[in-house]
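The values are calculated or read from the model by the stated rules, or taken from the named source; none is laboratory data. Note that this is a predicted model, so its numbers are computed, not measured. When we count neighbours, we look across all protein chains shown, and the Cβ atoms used for this are built from the backbone with ideal geometry, even at glycine.
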Amino acid sequence: MGKSVRFILLAIEGIITIILTVTLVHGISSAIEQGSWHIARTHLLPSLIHLWVTMVVATLLCFFYRANIGAEARVLPTLFLMISLGNVKIFPLYHSVTTILVLSPYAIAVLYHFSLLYSSFLFLGSAIFQQTINPTRLSQYSFAGAILALFITILTPISINQPSFLYEVSVTNTLFSSICIIMNVLAALTFLVSMLDEQFSRHALGRSLAFILMITGNTMVTMSQRPFFNTLGLIFYLAGSITLLSVTRTYHVWV
């Protein structure tokens, strides 16, 4: 992926981050004024932390990550963009707290489902291209994954009348949820296999462990509405992000 494309994707992610940050901060302050700190703490605050961890890591890696460190470098800008976009899931709760409707409920649900599925595709692609597949084909895989994710999202029945939708957008279709979970599990297992194949070399251990933690944490934060899983997911995601940054720094990628 060219440097100009990386910067464009980072700029788009930055715009999304700013919009969501304003929304989240306003939602948190409104919830506190209404005496609903519990709602802000269990739903809005985790999304805000998740959003900014993603933005900071994406910014650092955009400047300092190089393709020769791993095949996944080709999709990291798009992956972090999709992870950030997934935080649109809080718009229904924002509407409940402030009565401000940012997007239609169906549009929010479609964006959420697409970002969730496409990020799962990218995590899996980052893993399988560590093996024997030509890394240069990862861009083609990413494009095909985007088309397929959009196609599946459009075909998936989305129910916006569930009680849970008052808090966050959730996946109501069991098949869609299973597909996302299976892809993330396969991605984590493939990174584990890659780590074993390279006989636990320092670089392979750090990179694979980072992605396993990020995959686990992001899945928990994105797909669960339970405070316990959100908190645990944030810990995993933050640990994975720090580990990935440490790997790039250790291998003298930072300039």
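Structure values in brief
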read-out: Candidate set: the range 19-37, residues that are in a helix (DSSP H, G or I) and among the polar types (S, T, N, Q); chosen: the one surrounded by the most Cβ atoms within 10 Å (Cβ to Cβ); value: T23
read-out: Some residue of the range 97-105 being at pLDDT below 90, part of a helix (DSSP H, G or I) and among the polar types (S, T, N, Q); value: yes
read-out: Test: residue in the range 81-90 that is modelled with pLDDT of 90 or more and basic (K, R); value: yes
read-out: Members of the range 114-169 found to be touching a Lys or Arg at 6+ places or on another chain (Cβ under 8 Å), modelled with pLDDT of 80 or more and not in a helix (DSSP H, G or I), listed by number; value: E168, V169
read-out: Tally, over the range 19-44, of residues that are closer than 24 Å to M223 by Cβ and modelled with pLDDT under 85; value: 7
read-out: Some residue of the range 5-18 being modelled with pLDDT under 90, surrounded by fewer than 21 Cβ atoms within 10 Å (Cβ to Cβ), charged (D, E, K, R) and closer than 20 Å to G86 by Cα; value: yes
read-out: Matching entry among L111, L175, L166, L117 (being loosely packed, with under 13 Cβ neighbours inside 10 Å and either under 21 Å from S36 (Cβ atoms) or in contact (Cβ under 8 Å) with a residue 24 or more places away in the chain (or both)); value: L166
read-out: Residues that are small (G, A, S) and surrounded by fewer than 15 Cβ atoms within 10 Å (Cβ to Cβ), drawn from the range 225-249; value: S246
read-out: Count of the range 23-62 residues which are without any contact (Cβ under 8 Å) to a residue 24 or more places away in the chain and of a type in the set (F, W, Y); value: 1
read-out: Residues (modelled with pLDDT of 90 or more and either among the polar types (S, T, N, Q) or in contact with a strand residue (DSSP E or B) (Cβ under 6 Å, 6 or more places away or on another chain) (or both)) located in the range 45-80; value: S47, T54, T59, T78
read-out: Qualifying positions in the range 195-224 - more than 13 Å from S241 (Cβ to Cβ), of a type outside the set (A, V, I, L, M) and either over 22 Å from the mean Cα position of the chain (by Cα) or modelled with pLDDT of 90 or more (or both); value: D197, E198, Q199, F200, S201, R202, H203, T219, T222
read-out: Subset of the range 142-151 (residues that are surrounded by fewer than 19 Cβ atoms within 10 Å (Cβ to Cβ) and either touching a helix residue (DSSP H, G or I) at 6+ places or on another chain (Cβ under 8 Å) or aromatic (F, W, Y) (or both)); value: F143, A146, L148, L150, F151
